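A short worksheet on the structure shown next.
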Amino acid sequence: MEMTHFTQQTFRTLMDCFARPGKKEAVQPLHAVDGLYAETLSVLMTLLDGEVSFQTVGEEERLQRELRAWTGAKMNEFGAADFIIVPAQAKEEQVLEALAVAKIGNLIDPQQSATFVMEVAQDQRKTVYALTGPGIQHQEVMEIALSPNIVQLRAKRNREFPLGVDLILIDQAGKVLALPRTTMMKEVNN
C-alpha cells in the first residue's frame, strides 16, 4: 500500500478511536523499529512530521535518531514536545515525570498541548476504570493497563477544560485506545 493511503487509513482509525473513547481498533503494522511495536511506528508515521516535535520517555538516543529519520520531526524537551512517546519498557516514574511537565495548552490555544503515545505490555497490571465524557453514551467500563498514579496525575493536569493532555494507548496486539482530555476515568473496585 502506498504510504499516503496507509497514513490516511491510520489517521481515520485514530480519529474514530478519539470520537468513541473506550473503543479499541486495530492499526496495521508498518515497519519494526527496535524498541517500539510496529503499530506504534504506524501511529507515529501518521502523526509526526517536520512541523511537530517529540520526546521519548527513557534514554533511548538510538530510538530518537530512528524516529527523526522516519518522521522528520524534531526533538524537544518534555515541557515543549508536541508528542511524548512512551515505549512499553518505560518505568512508571519516568512517565509521571514527563506527564508532570508536559504542555497542556492555554486558554487561547488549548490545542498547543501534548499527546502521549503510550505502549502497554501484555504483562502490565490492568485496572478497571469507568470512562465517561463526550463520545461515551453513559459510561464504558474496561480494563486498562494504566496505573492509578498515572490516571490521577492525568486528571490533575486535565482539570481545567479545555486544557490537558490526550493519550493514545497501543497494546502488543496492535489495538489502539484513545483517551482524549475530555474523557474522565474513575477506578472501579472489582
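The values are calculated or read from the model by the stated rules, or taken from the named source; none is laboratory data. None of these values were measured; they are calculated from a predicted model. We place every Cβ from the backbone using ideal geometry, glycine too, and count neighbours over all the protein chains shown. Note: accessible area is taken over every heavy atom of the protein model, side chains too, but ligands, DNA and RNA are not part of it. Shrake-Rupley method; radii C 1.70, N 1.55, O 1.52, S 1.80 Å.
Observations on the model:
- Meets criteria (farther than 17 Å from C17 by Cβ and open to solvent by 60 Å² or more (accessible area, probe 1.4 Å)) for V95: no
- Scanning segment 115-137 for residues that are out of contact with any Leu (no Cβ under 9 Å at 6 or more places or on another chain) and either open to solvent by 30 Å² or more (accessible area, probe 1.4 Å) or within 30 Å of G35 (Cα to Cα) (or both) yields a count of 9.
- Residues that are more than 15 Å from the chain's Cα centre (by Cα) and assigned to a loop (DSSP other than H, G, I, E, B) were ranked within segment 90-110; the one that is farthest from P180 (Cα to Cα) is K91.
- Condition met for K156 (without any contact (Cβ under 8 Å) to a residue 40 or more places away in the chain, on the phi < 0 side of the Ramachandran plot and among the basic types (K, R)): yes
- Matching residues in segment 1-51 - criterion: being open to solvent by 60 Å² or more (accessible area, probe 1.4 Å) and either in contact with a Leu (Cβ under 7 Å, 6 or more places away or on another chain) or not in a helix (DSSP H, G or I) (or both): M1, E2, R20, K23, K24, Q28, P29, H31, A32, D34, D49, E51
- Within segment 111-124, restricting attention to residues that are not hydrophobic (A, V, I, L, M, F, W, C) and not in a loop (DSSP other than H, G, I, E, B), the residue that is nearest to L47 (Cα to Cα) is T115.
- Residue check, L131 over 24 Å from S42 (Cα atoms), at pLDDT 90 or above and not charged (D, E, K, R): yes
- When segment 30-42 is filtered for residues that are modelled with pLDDT of 90 or more and more than 13 Å from P87 (Cα to Cα), only S42 remains.
- Tabulated pairs, segment 1-29, first under 17 Å from W70 (Cα atoms) and modelled with pLDDT of 90 or more, second open to solvent by 80 Å² or more (accessible area, probe 1.4 Å) and assigned to a loop (DSSP other than H, G, I, E, B), C-beta under 8 angstrom, 6+ apart or interchain: T10/Q28
- For segment 53-88, a residue qualifies if it is within 10 Å of A114 (Cα to Cα), part of a loop (DSSP other than H, G, I, E, B), among the hydrophobic types (A, V, I, L, M, F, W, C) and open to solvent by 20 Å² or more (accessible area, probe 1.4 Å), and the qualifying residues are F78, A80.
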